[in-house]
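We did not get these values from a lab; they are worked out from the coordinates using the rules stated. None of these values were measured; they are calculated from a predicted model. When we count neighbours, we look across all protein chains shown, and the Cβ atoms used for this are built from the backbone with ideal geometry, even at glycine.
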Amino acid sequence: MKKLPTAEIGIFGGSGFYSFLTRDHPRDAEPLVQKINLTTPYGKPSAPVTLAKISGRKVAFLPRHGEKHQFPPHKIPFKANIEAFKMLGVKYIISPCSAGSLKKEVKPGSFVILDQFLDRTHGRDDTFYHGPEVVHIGGAKPYCPDLQKIAIKACQTLKIPVHKSGTAVVINGPRFSTTSESAYFSKLGFEVINMTQYPEVILAREKEMCFLGIALITDFDAGLAGKVKPVELKEVLEVFAKNNEKSKKLIFEIIKNLPQKVDCSCSTALTGAKI
Ligand SMILES: [Zn+2]
């Protein structure tokens, strides 16, 4: 069998990230290295994986919705995507995602470095362990605390408005929340709403990889109706485009500052979790 190339850092692109490594890349990214088609025991990932070098580190990029945005949130092959990164030897996953704000103070254009999620999805295959091997992965701290710190610092360096922690309510989609649903999440005090963080983060944890979730706030969710000025579609699209630009710069800054070794316990998440 042909030996696979390797990568240390895996990046999931959200909507609008497709040109991430192929176009407009900053000077410290070497030109596109290669694109590879992978097949995992869980099927094909959502797209071929693009491999490149950024600041001397090997990076793999995968657009989670597919190259032509053909996978809606509930149809993303999450397990194949995570497994594809694992097969390449990825240790750190950077996962930016577009999100709506559930709080007045979390403004469009700001970034939230996620530390928690609330799973409101259904019907998604969310574990690699369906038996006979039984694993109860710890969920108390699903996101890597070390990558979180690096990301906060990188936002501050780039002067990107940042919330240092936050919970992502993950809804199944593809529909958006009703005003009542959104008001409910908002009242419970959660920060952002999104459709893709779950089960991505927990599958990465089952594979003992560090996972960084960055919510790029595009608009206020429906539940804040009457509390904030409604955002017009034109503004949403403008914020969305600006967020993508900022998040590219942020990812380059994070990679530049990523130490060779981190101190977290993500790489031993399965210790004590197996029955
Ligand atoms: Zn970690």
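Distance from the alpha carbon centroid of region 52-92 to that of region 200-216 works out to 12 angstrom. For region 43-48, backbone phi angles converted through the Karplus equation (6.51, -1.76, 1.60; θ = phi - 60°) give residue-by-residue couplings of x, 7, x, 5, 6, x Hz, Gly and Pro being listed as x. Adding -39500 (n - 2.57) for every DSSP H run of four residues or longer, then dividing by how many residues the chain holds, sets the calculated 222 nm ellipticity at -8000 deg cm²/dmol. Label reach from LYS149 (point 7 Å along Cα→C-beta): in region 249-275, amide nitrogens under 12 Å belong to 259, 262-265. Charge tally around ALA80: other residues with Cβ under 15 Å, Lys/Arg +1 each, Asp/Glu -1 each, net +1. Inverting the pair-averaged 1/r between distinct Cα atoms of the chain gives 18.9 Å as its Kirkwood hydrodynamic radius. From least to most packed, judged by other beta carbons within 10 angstrom and beginning with the fewest, VAL33, VAL169 follow the order VAL33, VAL169. Provide the FRET efficiency to the nearest 0.05 for the HIS130-LEU233 pair, computing r from the beta carbons and using R0 = 25 Å. That pair, HIS130 with LEU233, gives E of 0.05. Sparsely packed loop sites in region 240-273 (the trypsin sites (Lys or Arg not before Pro) outside DSSP H, G, I, E and B with at most 10 other Cβ atoms within 10 Å) comprise LYS261. Within the straight-line cut-off of under 12 Å between alpha carbons, the aspartates and glutamates reachable from LYS103 are GLU191, ASP219, ASP221, sequence neighbours fewer than 8 places apart in one chain being disregarded.
Neighbour counts of C-beta atoms inside 10 Å place HIS122, HIS163, HIS69 in the sequence HIS122, HIS69, HIS163, starting with the fewest.
Taking Cβ atoms as reference points and 12 Å as the exclusive limit, the residues near THR167 contribute a net charge of -1, counting Lys and Arg as +1 and Asp and Glu as -1. Rounded to the nearest 20, the size of the Cβ-charge dipole of region 127-199 about its Cα centre is 340 debye, with Lys and Arg at +1 and Asp and Glu at -1. The lysines within cross-link reach of LYS75, meaning a Cα-to-Cα straight distance under 20 Å and a gap of 8 or more places when in the same chain, are LYS44. Taking every C-alpha pair closer than 8 Å and separated by at least 6 residues, the mean separation divided by the residue count of region 9-268 gives a relative contact order of 25 percent. Cross-link partners for LYS256 among the aspartates and glutamates, with Cα-Cα distance under 14 Å and sequence neighbours closer than 8 places in the same chain left out: GLU8, ASP28, GLU30.
Shape class for region 86-224: oblate, because the ratio a/c of the largest to smallest gyration tensor axis (alpha-carbon atoms, square roots of eigenvalues) is 1.5 or more and b/c is at least a/b. Taking Cα centre as origin and charging only the Cβ of basic (Lys, Arg, +1) and acidic (Asp, Glu, -1) residues, the dipole magnitude of region 9-268 rounds to 520 debye.
In region 9-268, a dipole from Cβ-located charges (positive for Lys and Arg, negative for Asp and Glu) runs towards its positive end, and of GLY226, PHE71, LEU237 it is LEU237 whose Cα lies farthest in that direction. If the label point is 7 Å along Cα→Cβ of LYS249, which residues in region 109-133 have backbone nitrogen under 15 Å from it? Label zone hits: 109-111. Listing GLU191, GLU8 from fewest to most neighbouring C-beta atoms within 10 Å gives GLU8, GLU191.
Once the chain from THR39 to LEU158 is taken as fully extended at 0.36 nm per residue, the excess over their C-alpha distance is 39.1 nm.
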